[in-house]
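Read-outs: derived from the displayed coordinates by stated rules, not from any lab. Note that the coordinates shown come from a computational prediction; the quantities given were computed from them, not determined experimentally. Cβ coordinates were reconstructed from backbone atoms using ideal geometry, including for glycine residues, and neighbour counts include every protein chain displayed.
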Protein chains: 2
Amino acid sequence: MEEVERDSRDSRDETPAILGKHRQEVERSLSKALSLHNPDLHTMLQYHLGLGDEHGNPTVSNQGKGLRSSLCMFACEAVGGLSETALSAAVSIELVHNFTLIHDDIQDGDMERHHRPTLWATWGTPKALQAGNVMRTLADLGIQQLSSHQVAPEVVAMCSKLLTSAYLETVEGQYLDLDFEGRTDISTSNYLDMISRKTGALIRCSMQLGALTGNSDAKTVQALTKCGRYLGAVFQIRDDYLGMWGDEEETGKAVGNDLRRKKNSLPLVYALEQAGTMEKEQLQSIYAKEQVEDSDLVSTLALLADLGTPEYLQGLAHDHAVHALEALDGIELVPGAKQEFQELVEFLLTRQR
Amino acid sequence: MEEVERDSRDSRDETPAILGKHRQEVERSLSKALSLHNPDLHTMLQYHLGLGDEHGNPTVSNQGKGLRSSLCMFACEAVGGLSETALSAAVSIELVHNFTLIHDDIQDGDMERHHRPTLWATWGTPKALQAGNVMRTLADLGIQQLSSHQVAPEVVAMCSKLLTSAYLETVEGQYLDLDFEGRTDISTSNYLDMISRKTGALIRCSMQLGALTGNSDAKTVQALTKCGRYLGAVFQIRDDYLGMWGDEEETGKAVGNDLRRKKNSLPLVYALEQAGTMEKEQLQSIYAKEQVEDSDLVSTLALLADLGTPEYLQGLAHDHAVHALEALDGIELVPGAKQEFQELVEFLLTRQR
């Protein structure tokens, strides 16, 4: 039954098996994790997770990809563990990730996410800020649930500490990102360091916690952690690519969206690093404008193309993908796991949304 | 030496011993807990804690009362433990408390705290929001440090869970508070329930963690927890009193400050509950105004006095103080502890700031 569902999902979305396999299980557990005395808070969290509407009525799931929870479940199974052992960790990671999204939307003033109004746009900043904090608290409480699945107390404590540290790295990365805003002197190496914290830390942690709860040896945990680190970079580099050259029908965002928003993403950072004096001035003058016009968009996209920016990004993502796969060399995983992982990597390299 | 310092502090401020005793130790540990890669984040957190200026230079401490950390240290010593055992818990509670203050200031749009610009007023909302999140993360990491002071792993896990749960209660209380804004149908019982979560949970937790790390038996932990619950109410009721009738020179806020801000605090909740139809209309019309005028202030303060509001608040605080002291009956504490606690209770009942 699960097999059939997975297949039908795959053929519909071309979603790799890793992302489809445990989706329903994770959603059920996410929904259960939102047990709160306050009905309004419950409604807000359910709404943000795409499991309910703004009045608290359940809706057909409208969630993101669930990459982090899927990776956690995958890593646990890949080392020979039972996926249900990792479930509390997977749910906690998804909650932490969603908490960061709620606060991100407030910080960035974003009014929409997944084609729906954001939490702060619907309930106002003070309530949305609190709802985010509660989401994070449920994650903290949730990870303690690992102990009810035969995970040893010291492993639970370690998982809790790793998740907290990964979050600290995330927030330090977000802070760096805020700091980079409007600056034109960021090197690609600065930028890659920033995203390895901002996006990478939690993705890496997903695989780490999966491997730990699956009870694998230190060498295997280390290999999967390293693999997760590279995978995080693949994910974010492609995200930056789509932010500039994504298809509007797929991403819901027009071509050059990050440019319109004057976002300091990898394409710009790279282009500024490569540009000659005149090209640099051209880029800086556009980013200094109050409003980016369509004509600016056309000329900037042409300049980025001249500098080989799209090829650079795809090449860089590809290199990280190779490193992610290489990290799994020399460790033993259950049959089929490396194949499934390769599918996921290919999906992340070429995804349109 | 410590004794001398304590005495000089006491005679200067009339600060009860519990609040003075471990202040320097806690401040040193707080300062150490702020170990962060990012220098800007470090500066912000140090600034908020009153340990540094906005450029990162150390300043003479300009902290709050440190009530929560002091209670934690006190409870540990009172049950016969060594106060340094509780230090990590005391610091974590103080960090969680300060995290809530940073986010509160954003939510309430408050520009000043302890006579200095707030974090968001100095660095902007996005950075302040992140700094708050980091403060909380350091608390999560800090509580794990208990294990390096011979606290058993299961007690560390329990302390971590209790602190997280207390924070969840705090935020549910804050959320209720936001929800009460502008409403005139809140009963005193609703209000007291709200403050028992918003302020009470963390104060209660301070004594609970102190007793736990001091390795006391279940009955003693329970008694100190109950005592902490009542003490939290004493603290907040007096806070609401000072928000309405505080001395400007002491509190830094003019008489009727909460009225000017149209804050739904206990004096108003009580008065609305007691008022006849005409008085109710008078109160409602003032709270419905865009701006509260001096003449409104005078008439409202007179109405509150007519309804016996100040006496009600002080009576209620006194009742809770009695319950707090009674909670300690029948348990054994080290000599002098009950006396010290009584001093603290008297201070909290009569404090001017």
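Taking θ as phi - 60° and the Karplus parameters 6.51, -1.76 and 1.60, the scalar couplings of region B:24-36 work out to 5, 4, 5, 4, 4, 5, 4, 4, 5, 5, 7, 7, 9 Hz in sequence order, x denoting glycine and proline. Modelled label positions at A:V334 and B:T59, each set 7 Å beyond Cα in the direction of Cβ, lie 5.7 nm from each other.
Please compute the average number of Cβ atoms from other chains found within 10 Å of each residue's Cβ in peptide B:160-168.
Neighbouring Cβ atoms belonging to other protein chains average 4 per residue here.
Residue pairs exceeding 18 angstrom between C-alpha atoms, taken from A:K21/A:K198; A:K21/A:K219; A:K21/A:K65; B:K21/B:K338; A:K21/A:K161: A:K21/A:K198; A:K21/A:K219; A:K21/A:K161. Peptide A:135-148 shows a mean partner chain C-beta count of 3 within 10 Å per residue C-beta.
Considered as an equivalent ellipsoid built on the Cα gyration tensor, region B:20-158 has semi-axes of 27, 15, 13 Å, the largest given first. Annotation: amide H of B:G52 within the under-5 Å range of B:Y47, B:T59, sequence separation 5 or more or interchain, hydrogens built in the peptide plane.
With axes computed from alpha carbons, what is the tilt in degrees of helix A:125-143 against the longest principal axis of chain A, rounded to the nearest 10 within 0 to 90? Long axis of A:125-143 versus the principal axis of chain A: about 40 degrees. If you plug the beta carbon distance of A:S147 and A:T122 into 1/(1 + (r/R0)^6) with R0 = 41 Å, you get a FRET efficiency near 0.70. The magnitude of the dipole of the protein assembly as shown, with charges of +1 and -1 set on the Cβ of Lys/Arg and Asp/Glu and taken from the Cα centre, is near 980 debye. In plain terms, the residue of B:R260, A:R28 with the fewest other Cβ atoms within 10 Å comes first and the most crowded comes last, giving A:R28, B:R260. Shown is the FRET efficiency for A:A254 and A:E14, computed with R0 = 25 Å from the Cβ-Cβ distance and rounded to the nearest 0.05: 0.60. Each distinct pair of alpha carbons in the protein assembly as shown adds a 1/r term; the inverse of their mean, the Kirkwood radius, is 27.5 Å.
What separates the Cα centres of region B:127-195 and region B:265-334 is a distance of 26 Å. Computed 3J(HN,Hα) for region A:308-325, one whole-Hz value per residue from the Karplus formula 6.51 cos²θ - 1.76 cosθ + 1.60 where θ = phi - 60°, is x, 5, x, 5, 4, 4, 5, x, 5, 4, 4, 4, 5, 5, 4, 4, 4, 5, glycine and proline marked x. Once backbone amide H atoms are built at 1.01 Å from N, B:R113 has B:T118 as its partners under 5 Å, excluding neighbours fewer than 5 places away on the same chain. Hey, for B:E281 with labels 7 Å out along Cα-Cβ, what do the inter-copy distances come to in nm, ordered shortest first? Spacings between copies for this position, smallest first, are 7.3 nm.
Fewest Cβ neighbours within 10 Å first, please rank A:D329, A:D110 accordingly.
With the fewest neighbours first, A:D329, A:D110 line up as A:D329, A:D110.
As a ratio to 2.2 N^0.38 Å, the alpha-carbon radius of gyration for region A:2-350 is 1.00. Peptide B:176-189 shows a mean partner chain C-beta count of 1 within 10 Å per residue C-beta. Selection among A:N257, A:G228, B:L192 by position relative to the dipole of the protein assembly as shown gives A:G228 as farthest towards the positive end (Cβ unit charges, Cα centre). What separates the A:E250 label point from its copies, with the point 7 Å along Cα to Cβ, is 6.7 nm, written shortest first. To the nearest ten degrees, helix A:188-198 and the longest principal axis of the Cα atoms of chain A are 30 degrees apart. Among A:307-318, B:156-167, the peptide with the highest mean count of other Cβ atoms within 10 Å heads the list, and the full ranking is B:156-167, A:307-318.
Here B:Q342 yields copy-to-copy label distances, from shortest upward, of 7.9 nm, the label point defined as 7 Å from Cα along Cα to C-beta.
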